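Contents: one structure, followed by commentary.
The values are calculated or read from the model by the stated rules, or taken from the named source; none is laboratory data. Here the structure is a predicted model, which means the values were calculated and not measured. Glycine also receives a Cβ, built like all others from the backbone with ideal geometry; neighbour counts cover every protein chain displayed.
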Amino acid sequence: MSKSYLVRTYGCQMNEHDSERIAGLLEADGMTRAPDADSADVIVLNTCCIRENADNKLYGALGNLKALKEKNPDLQIAVSGCLAQKDRDLVRDRAGHVDVVFGTHNVHRAVELLNHAAEKGPIVEILEETVRGDAEAFPSALPTRREVDHGAWVTIQIGCDNNCAFCIVPAVRGPEISRPFGELVEEVGSLVEDGVSEITLLGQNVNSYGRDLALTRRDPSKGRDGDDAWWCGAQWAEDRRARPLFADLLREVGSIEGIHRVRFTSPHPKDMRSETFLAMAETPSACEHLHFPLQSGSDSVLAAMHRGYTAERFLAKLTDARSTIPGVAISTDIIVGFPGETDDDFERTLEVAAAAEFDSAFTFVFSPRPGTEAADMEERFVPHDVAVERYERLRLVIERSSRRANEARLGLVEEVTVEGPSKKDPSVLTGRTRRNTLVHFASEAPIKTGSYAEVRITHARVNHLLGELIGVTIAARHRTRIPVIAG
Ligand code: SF4
């Protein structure tokens, strides 16, 4: 009997992608996915310290797993991800039943570490940073167990060179490293062969992609000597700008035959360039959706956050995006109650949010993340009830623009990717428009997930649309997985 595993993910898309890699590595080692924790031989908790109460959630989950480990001493429990990177030995100090702790730079060692723990006992292995040139250390270079068959994430860079005061990422993911241009193009090509038609380019700051590549290509120890087009792309090799641009990559992968939709996340407003907007407009597969994190509308709060732009600059880039990409939808992130935020600062946020007319927003009440600069600003913390009241006022502003944006789609025919039955009402299907809005619609015949269909929009809600199916335009190409029964 082969062993079975379960990977539980806490956190962002980068973490979900790392979880796919961990699952891929375990499956490449012969394991199968377990339906639940009770029947698993290996449980990996892939943690995140960006979200609120990450510590409590992890140690709560580990507490629950203790009884399982007592019943089944052969069960192996591993903790990986950002919180493991930050807490290191503390994880085992607080939960001695954990067998393996590994960080964000050694995901590729998951199987070796589990084998080591089985033979020699518990192990904590945290690398300080990813070793450039160690291809395996990039999550995308590892085998993957994708969550959906028609879509895939492609990690284009890891780490972050910024220092936003509220964010733990630079501390736990290390400095920015971009993957070579040619390697990414090859990866997207093989995803297409596997039936993928939709990709999301993933990085902490995608618009600084390539900043390091022009230099790296000169290092003989990194291989592919003199192959400038492979390192930096054919466009760069031709015109020799200071560095390859994210826009070059977007154009190149977006024009690979078989790729129907390309998305990316997340861009940083300070690094966003007109070339990216132009590439989005001129690449038919690039979706008309831009996630553009504002964080605050107050210049003094933005400065305290070290965001590197002003509200005016943010709005100017938004105007550029909208005038270049017809019909683009804009989503954002906003933190309410950052330390030192005054009533006036918050009024600026309301004004900028209203002017920006966001299609949707992830809004958060500030909560300190241990290890960040903002967590040490205790004397400037905004009282919780004040922050909650501000949050409610902001929510109303965002809801107004979301509703208006959705109402503007009434009567239009949208292309949607079919994502399967709706979670709330399995009798209807859910799809996602190019502008990243969910649409629920009925279909008499089943439609395979990953197919593209045309839907006429009949009703608009704040967070989703309802529509009626016109027809399937492209049937899903990917193979349906046949579960393998071990025995
Ligand atoms: S850009 Fe700022 S918020 Fe984004 S990952 Fe880097 S430090 Fe964190």
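Residues that are surrounded by fewer than 22 Cβ atoms within 10 Å (Cβ to Cβ), in contact (Cβ under 8 Å) with a residue 60 or more places away in the chain and outside the structural domain of G431 (by TED's automatic domain parsing) are absent from the range 239-248 altogether. Scanning the range 11-21 turns up no residue that is in contact with a helix residue (DSSP H, G or I) (Cβ under 7 Å, 6 or more places away or on another chain), within 22 Å of D74 (Cα to Cα), surrounded by 15 or more Cβ atoms within 10 Å (Cβ to Cβ) and not assigned by TED's automatic domain parsing to the domain that holds A374.
Look at the range 146-163: where a residue is within 14 Å of the ligand (Cβ to nearest atom) and a partner is among the β-branched types (V, I, T) and assigned to a strand (DSSP E or B), sitting 6+ places away or on another chain with Cβ atoms under 8 Å, you get Q157/I177; I158/I177; G159/I177. Only residues that are in a loop (DSSP other than H, G, I, E, B), modelled with pLDDT of 75 or more and surrounded by 13 or more Cβ atoms within 10 Å (Cβ to Cβ) were counted across the range 473-487, and they come to 2. Close Cβ contacts (under 8 Å, 6 or more residues apart or on different chains) running from residues in the range 409-434 that are on the phi > 0 side of the Ramachandran plot to residues that are assigned to a loop (DSSP other than H, G, I, E, B) comprise G420/T449.
None of V386, V397, V382, V418 is surrounded by 14 or more Cβ atoms within 10 Å (Cβ to Cβ) and more than 27 Å from I334 (Cα to Cα) except V418. Screening K317 against (1) more than 16 Å from the ligand (Cβ to nearest atom); (2) over 23 Å from R432 (Cα atoms) leaves a single unmet condition, (1). Would you be able to say whether some residue in the range 213-225 is part of a helix (DSSP H, G or I), basic (K, R), modelled with pLDDT under 95 and surrounded by fewer than 19 Cβ atoms within 10 Å (Cβ to Cβ)? Yes - at least one qualifying residue is present in the range 213-225. Go through the residues of the range 436-448 one by one and say whether even a single one is loosely packed, with under 15 Cβ neighbours inside 10 Å and under 20 Å from L290 (Cβ atoms). For the range 436-448, residues loosely packed, with under 15 Cβ neighbours inside 10 Å and under 20 Å from L290 (Cβ atoms): absent. Of all positions in the range 169-182, at least one carries a residue that is free of Cβ contacts under 8 Å to residues at least 60 places away in the same chain, away from the ligand (no atom under 16 Å from the Cβ) and either over 30 Å from I474 (Cα atoms) or touching a Ser or Thr at 6+ places or on another chain (Cβ under 9 Å) (or both).
Just one residue in the set S255, S197 is surrounded by fewer than 21 Cβ atoms within 10 Å (Cβ to Cβ), within 30 Å of Y452 (Cα to Cα), more than 16 Å from the ligand (Cβ to nearest atom) and more than 16 Å from the chain's Cα centre (by Cα); that residue is S255.
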